[in-house]
Every structure is written in structure tokens, then in C-alpha cells.
Amino acid sequence: LPPRAEEATRTNFIVNQRFNRMANVASSSDGAKAISATSSDSRFPVSNVIDGDSKTCWVTTGLYPQEFIIAFPESVSIARIRTQTRNVRNITVEYCDQRQPTSFETLYGPVEIKDEGTGLQIESQQCKQTSCRFLKVKILSGWSDFAVVYSFEAEGGM
């Protein structure tokens, strides 16, 4: 990371620790990157899930399962996952702590996300504290032909 970004990351982490919150390590502003996805639409790129803007999203292109992978600039510790989605029925999250995203283990799931009829689904899962360099999010099934992911957050530390 550039020196200013590194300083901002440390400052955010210290502020979050002071208020007993863990930092969102899956933020593009802190160096995380969405490196792959099973579906692509230039109007709704997968990078939108970690950009911090609630008005952007990634949209699947039909058929399940669908997945995307988040890469971290260094190994991070994950304790909680938060998602904001629409039409997602079953989801699982896997992790990999190797240099390349080749072998994943289950962090949690599958979990069924209820369709409350309001559209927006907000899901939060506490998980065992795990070190990783990559997270793979798998949408196993949906409540509709297309699913939308507005945001993906991973609380933890560097």
C-alpha cells in the first residue's frame, strides 16, 4: 500500500478498536480486491461489492451457483461476515490462506437467507477467527433467476 493508504488503514483500525469494533478488512480502500466472479456485466462489476458505496452492486447473470473471490494484500484475521443482498437464498463462504487461491475450506455455510419480501437482505455471520488471504463467496441458490450483492464486509484485523 502507498504510505498514506497504509496510515489511513492503521488509523481506521485503531479507531475501530477504540469503539470495540473490528475493521472491515474487505474494503477496496484498504487494498482488498475482487479478483474473479462467475458472471460479468460491465454495468455491475464484482468490484462494487467492496467499494463502500451502497448504490452500487454486482448482479449475477442467472443459473446457480455463482461465486466471487476477494483477495487481501496480506493475510488477515476474519471474525464476522456481513452481506447486503437481494434474491439470495443459500450462501456459503470459504477461505484460503495460501499465496494463490487454489484450495479453499469452509468458513461457514451453507446458510439460508430468508426472503422477507422487503427486497434487501442483511445477513451477519459470526465465524471462528480465521487467517486468510482469500475469501470465496458462493451463492448456491436464489429466490429468483438473478441475485444481487450490494456489499460484502469481513470484520477482522491485519
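Candidates in the stretch 140-155 are the residues that are under 12 Å from the mean Cα position of the chain (by Cα) and open to solvent by less than 30 Å² (accessible area, probe 1.4 Å); of these, the one that is farthest from residue 41 (Cα to Cα) is 154. Got a number for residues in the stretch 99-118 being at pLDDT 95 or above and at positive phi? Of the residues in that region, 0 qualify. Selection over the stretch 78-98 of residues that are farther than 18 Å from residue 35 by Cβ and open to solvent by 30 Å² or more (accessible area, probe 1.4 Å) gives a count of 7.
The set of residues in the stretch 75-124 being in a loop (DSSP other than H, G, I, E, B) and of a type in the set (D, E, K, R) consists of 97, 99, 114, 115, 116. Of all the listed residues (135, 140), the sole one being modelled with pLDDT of 95 or more and closer than 17 Å to residue 30 by Cα is 135.
Check whether at least one residue in the stretch 99-114 is open to solvent by 60 Å² or more (accessible area, probe 1.4 Å), touching a Phe, Trp or Tyr at 6+ places or on another chain (Cβ under 7 Å) and among the acidic types (Asp, Glu), and report yes or no. Yes, the conditions are met somewhere in the stretch 99-114.
The values are calculated or read from the model by the stated rules, or taken from the named source; none is laboratory data. In this text the structure is predicted, and so the values were computed from the model without any measurement. Don't worry about glycine lacking a Cβ; one is built from the backbone with ideal geometry, like all the others, and counts go over all protein chains shown. When the accessible area is computed, the model is the full protein with side chains, heavy atoms only, and any ligands, DNA or RNA have been set aside. Shrake-Rupley method; radii C 1.70, N 1.55, O 1.52, S 1.80 Å.
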